[in-house]
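> Mind looking over this structure? Questions follow.
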Amino acid sequence: MAPLLEIKGLKTHFSTDDGILQAVDGVDISINRGETLCVVGESGCGKTVTAMSILKLIAMPPGRIAAGQIIFEGRDLVPLTSNQLDEIRAKEIGFIFQEPMTSLNPVLTVGEQIAESLRRHEAVTKKQALERTIEMLKLVQIPNAEGRVHNYPHQFSGGMRQRVMIAMALACKPKLIIADEPTTALDVTIQAQILDLLQDMKERFGMAVMLITHAMGVVAETAQRVVVMYAGKVVEEAGVDELFGDPRHPYTQGLIRSIPRIDLDSEHKTRLEAIGGSVPILINPPVGCRFAPRCRHAMSVCTEKEPLLREVSPGHRMACHLGDTQLGAAP
Amino acid sequence: MSQYVLRRLLIAIPSLLGISLVLFVVLALAPGDPFSELATNPNVPPEVAAALRAKFGLDDPIYLRYLHWLSAMAHGDWGFSFVSRMNVDALILQRLPATLYVIGSAQILALLIAIPVGVYAATKPYSLFDQIANVLAFVGFSLPTFFTGILFILIFSVTLDWLPFVYSSDIKATGIRWVLEMIRQAIMPVAVLGLFQAASMTRFVRSAMLDVIRLDYVTTARAKGLGQAKVIVKHVMRNAMIPVVTLIALQMPAVFGGAIVTEQIFRIPGIGSLLISSILSNDTPVVMAVTFVFACLVVLFNLIADVLYGWLDPRISLR
């Protein structure tokens with residue numbers, strides 16, 4: 001079956017005073033119906049820009065989709081105008097943003113903000129929209145939904161606001177939810193609640209979820225498939241068990257090694273490993289592998305030729321010059 | 001809310017008292033008073049002038065005169081204009097309509113220009129439209145009204161002879177003719193004052209819009225598929241207007257001040273020209289009353305700004 005969403009060779013560039021910033025440079029991602037796909041990578045690797053490009057929510061200008069296709073249910077979204085995309089936004093693809101504190105309009109009640117999405121996409125009366133909104137708020141477990149629907153965002157805590165955001169994204173029952181670091185701004189106990197809620201909703205409505213995160217713990221808990229991004233490119237893609245059990249790309253290995261472990265006893269405890277260096281600036285990026293300057297396995301070929309994404313085992317792809325046997329033995 | 005307004009009005013009393021004291025002292029220290037002309041008038045014997053001065057208490061110590069003025073004001077007696085030979089409150093009420101008509105129309109004109117232009121410019125920053133609007137705004141608030149006013153008179157009254165350049169408060173016409181004549185003679189002063197206001201307001205609106213347009217909740221609204229117009233009006237404008245409305249309300253007293261100049265140029269018999277002529281003729285009671293009215297306006301518009309702020313922004317509760 002064709003995937004629900006297929007991103008092919010997406011390039012999103014931003015023009016800056018210093019030159020063209022290639023935030024996303026040839027990304028291929030596909031999401032099947034009903035599946036949870038995690039996109040991981042450190043800040044600045046292009047995860048958010050990739051997600052925002054799908055519905056053209058990046059600022060254009062200076063942003064620009066330079067190349068690629070974004071095929072949603074067999075239809076390429078890239079050539080569509082903003083007006084045409086409005087039919088897909090929220091109705092087919094819902095968005096949950098990172099910052100619940102700033103992603104809600106402070107001067108409108110949460111009810112108005114959820115209802116306006118319903119009223120835009122479905123033929124409902126004001127009263128029906130309000131009822132549906134209350135129903136959604138109950139679904140995301142907001143206590144006293146009938147009363148809270150008329151409250152303003154500042155009257156909610158961070159976790160409650162994120163629940164409102166989820167209710168808003170789910171209101172029109174989209175086929176795909178894109179959640180851009182939905183738990184990053186929340187404290188740890190709330191994070192788990194929100195992830196559970198997202199999981200519940202996904203099962204209830206049978207939608208696909210594209211979860212963007214930099215927390216490997218979140219990935220392990222929620223994903224079926226994982227895409228690892230680095231410096232605007234996909235470096236590895238695999239099923240979640242395969243990725244954690246047999247990471248092939250040195251960057252993925254580094255990411256996994258940087259997860260704090262509390263399950264090891266004291267004699268096995270080692271210093272937490274960090275990946276040295278930082279993400280390169282994507283204006284005139286170096287030729288060859290973009291991870292090479294930070295890679296402990298870097299060879300001469302890495303700075304000369306760009307490694308292409310290749311399949312190393314069924315459903316497991318990665319982009320690295322190292323042979324699979326060599327890397328498997330690496331520390 | 002009403003409690004808040006009441007409390008703010010009560011707080012305003014001491015500040016108005018302070019303002020009146022300062023105004024009174026400054027005017028008392030200034031050379032000349034309503035009877036200074038009598039002293040140099042050879043037709044008035046010195047003892048008559050002295051008797052008049054004594055009668056009106058002009059030679060009393062300053063604190064006595066202030067208390068006298070204060071108690072009169074408290075009784076609703078605004079004083080008597082020796083130059084116009086009528087009560088000051090009647091004089092002000094007679095002059096006020098012309099001022100309100102011109103200033104009100106100018107403000108409406110300014111808003112009608114500034115909001116659409118500012119909003120549209122902000123949705124397309126650095127576009128040709130935005131650049132032109134910016135240049136015109138700079139030109140607009142760089143040119144003082146006394147310059148543009150005279151320029152307008154030269155072009156539209158002297159050269160083209162389309163519009164009258166002296167504002168008349170008693171038009172000899174009735175019915176629709178009167179209305180048309182009132183509009184015709186107000187066009188130039190309203191345009192001069194309104195365009196000047198619009199220039200700076202456009203800049204406020206544009207920058208307030210640009211501040212909001214890049215915020216996260218605007219992206220949220222876009223992600224709902226609401227469409228550009230709805231996103232701009234419902235989500236961006238609604239928030240951007242909060243600082244703009246406050247600024248406009250706070251600016252109102254300055255607008256009255258600016259109107260003084262415009263009223264002089266176009267000879268509008270308003271409260272501003274009354275102030276100027278009173279200062280020139282040493283008509284202290286009128287000067288005192290008009291400046292005090294301006295002070296009350298400042299206090300009043302500050303209160304209006306705060307109330308509007310609380311009304312527009314649900315995060316602020318007025319208690």
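The values are calculated or read from the model by the stated rules, or taken from the named source; none is laboratory data. What you are looking at is a predicted structure, and each value in this text was computed from that prediction instead of being measured. All Cβ positions, even for glycine, are placed from backbone atoms using ideal geometry, and neighbour counts span all protein chains on display.
Residues are listed down the side, and each one gets a yes or a no for (1) buried (at least 19 other Cβ atoms within 10 Å of the Cβ); (2) within 14 Å of chain A (Cβ to nearest Cβ):
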{"site": "B:Gly272", "(1), (2)": "yes, no"}
{"site": "B:Ile279", "(1), (2)": "no, no"}
{"site": "B:Ala305", "(1), (2)": "no, no"}
{"site": "B:Leu308", "(1), (2)": "no, yes"}
{"site": "B:Arg315", "(1), (2)": "no, yes"}
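> Evaluate region B:103-126: report whether one residue or more is closer than 18 Å to B:Val286 by Cβ and surrounded by 17 or more Cβ atoms within 10 Å (Cβ to Cβ).
The answer is no, given that none of the residues of region B:103-126 is closer than 18 Å to B:Val286 by Cβ and surrounded by 17 or more Cβ atoms within 10 Å (Cβ to Cβ).
> Against the condition within 14 Å of another protein chain (Cβ to nearest Cβ) and surrounded by fewer than 22 Cβ atoms within 10 Å (Cβ to Cβ), how does B:Asp170 come out, does it pass?
So B:Asp170 does not fit the description; no.
> Of everything in region B:265-284, what is at pLDDT 85 or above and assigned to a helix (DSSP H, G or I)? Give them in sequence order.
B:Ile265, B:Phe266, B:Ile271, B:Gly272, B:Ser273, B:Leu274, B:Leu275, B:Ile276, B:Ser277, B:Ser278, B:Ile279, B:Leu280 - these are the residues of region B:265-284 that are at pLDDT 85 or above and assigned to a helix (DSSP H, G or I).
> While we're on this one: Taking B:Leu193 and the conditions (1) away from every other protein chain (no Cβ under 14 Å); (2) more than 24 Å from B:Gly258 (Cα to Cα), which numbered condition does it fall short on, given that it satisfies the others?
(2)
> What do you reckon, is A:Gly19 farther than 29 Å from B:Lys230 by Cβ, small (Gly, Ala, Ser) and surrounded by 22 or more Cβ atoms within 10 Å (Cβ to Cβ)?
Taking the combined requirement at face value, the residue does not satisfy it.
> Take A:Glu112 and tell me if it is within 14 Å of chain B (Cβ to nearest Cβ), in a helix (DSSP H, G or I) and surrounded by fewer than 21 Cβ atoms within 10 Å (Cβ to Cβ).
Here the answer is yes, as A:Glu112 does meet what is asked.
> I've got another one for you. What residue, of B:Arg203, B:Arg184, is in a helix (DSSP H, G or I), free of Cβ contacts under 8 Å to residues at least 60 places away in the same chain, under 30 Å from B:Gly272 (Cα atoms) and more than 7 Å from every other protein chain (Cβ to nearest Cβ)?
Numbers: B:Arg203 fails: free of Cβ contacts under 8 Å to residues at least 60 places away in the same chain.
Among B:Arg203, B:Arg184, only B:Arg184 is in a helix (DSSP H, G or I), free of Cβ contacts under 8 Å to residues at least 60 places away in the same chain, under 30 Å from B:Gly272 (Cα atoms) and more than 7 Å from every other protein chain (Cβ to nearest Cβ).
> Quick check: anything in region B:13-33 free of Cβ contacts under 8 Å to residues at least 24 places away in the same chain, surrounded by 12 or more Cβ atoms within 10 Å (Cβ to Cβ) and in contact with a strand residue (DSSP E or B) (Cβ under 9 Å, 6 or more places away or on another chain)?
Looking through region B:13-33, none of the residues is free of Cβ contacts under 8 Å to residues at least 24 places away in the same chain, surrounded by 12 or more Cβ atoms within 10 Å (Cβ to Cβ) and in contact with a strand residue (DSSP E or B) (Cβ under 9 Å, 6 or more places away or on another chain).
> For region A:192-279, which fully contained helices (runs of 4 or more DSSP H) count at least 2 residues that are β-branched (Val, Ile, Thr) and under 19 Å from A:Glu181 (Cα atoms)?
Counting at least 2 such residues, we get A:216-222, A:250-257.
> For residues that are part of a loop (DSSP other than H, G, I, E, B) and closer than 21 Å to A:Met207 by Cβ, tally how many sit in region A:96-109. Reasoning before the result, please.
So in region A:96-109, the residues part of a loop (DSSP other than H, G, I, E, B) come out as A:97-109.
Remaining after also requiring closer than 21 Å to A:Met207 by Cβ: A:97-98, A:100, A:103.
Counting residues in region A:96-109 that are part of a loop (DSSP other than H, G, I, E, B) and closer than 21 Å to A:Met207 by Cβ gives 4.
> Take region A:96-109 and flag every residue that is in contact with a strand residue (DSSP E or B) (Cβ under 6 Å, 6 or more places away or on another chain) and either among the acidic types (Asp, Glu) or more than 7 Å from chain B (Cβ to nearest Cβ) (or both).
A:Ile96, A:Gln98
> Now for a separate question. How many of the residues making up region B:220-266 are touching a Phe, Trp or Tyr at 6+ places or on another chain (Cβ under 7 Å), small (Gly, Ala, Ser) and within 12 Å of chain A (Cβ to nearest Cβ)?
Number of matching residues: 1.
> Please verify whether region A:6-25 includes one or more residues that are of a type in the set (S, T, N, Q), assigned to a loop (DSSP other than H, G, I, E, B) and in contact with a strand residue (DSSP E or B) (Cβ under 8 Å, 6 or more places away or on another chain).
no
> Which is surrounded by fewer than 23 Cβ atoms within 10 Å (Cβ to Cβ), in contact (Cβ under 8 Å) with a residue 60 or more places away in the chain and among the polar types (S, T, N, Q), of B:Thr246, B:Thr262?
On inspection, the qualifying residue turns out to be B:Thr246.
> Scan region B:135-178 for residues that are part of a loop (DSSP other than H, G, I, E, B) and either in contact with a strand residue (DSSP E or B) (Cβ under 6 Å, 6 or more places away or on another chain) or among the polar types (S, T, N, Q) (or both) and report the count.
Of the residues in that region, 3 qualify.
> Moving on to the next point. Quickly run through region B:45-92 and pick out the residues that are in contact with a Ser or Thr (Cβ under 7 Å, 6 or more places away or on another chain) and either outside any helix (DSSP H, G or I) or not hydrophobic (A, V, I, L, M, F, W, C) (or both).
Of everything in region B:45-92, just one residue is in contact with a Ser or Thr (Cβ under 7 Å, 6 or more places away or on another chain) and either outside any helix (DSSP H, G or I) or not hydrophobic (A, V, I, L, M, F, W, C) (or both), namely B:Val83.
> Looking at region B:206-226, is at least one residue more than 30 Å from A:Ile114 (Cα to Cα) and at pLDDT 90 or above?
Looking through region B:206-226, none of the residues is more than 30 Å from A:Ile114 (Cα to Cα) and at pLDDT 90 or above.
> Scanning for something more than 23 Å from A:Asp86 (Cβ to Cβ) and either in contact (Cβ under 8 Å) with a residue 12 or more places away in the chain or within 14 Å of chain B (Cβ to nearest Cβ) (or both), does region A:117-136 turn up at least one residue?
yes
> Just to verify a result, which residue in region A:43-95, among those that are at the interface with another protein chain (Cβ under 9 Å from one of its Cβ atoms) and not in a loop (DSSP other than H, G, I, E, B), is surrounded by the fewest Cβ atoms within 10 Å (Cβ to Cβ)?
Residue satisfying both the conditions and the ranking: A:Asn83.
> Run B:His235 past the list (1) of a type outside the set (A, V, I, L, M); (2) surrounded by 20 or more Cβ atoms within 10 Å (Cβ to Cβ); (3) closer than 19 Å to B:Ala133 by Cα and report the number of the one that doesn't hold.
Exception for B:His235: condition (3).
> May I ask you to say which residue of A:Val235, A:Val301, A:Val218 is out of contact with any Leu (no Cβ under 7 Å at 6 or more places or on another chain) and within 30 Å of A:Phe95 (Cβ to Cβ)?
Just one listed residue meets the conditions, A:Val235.
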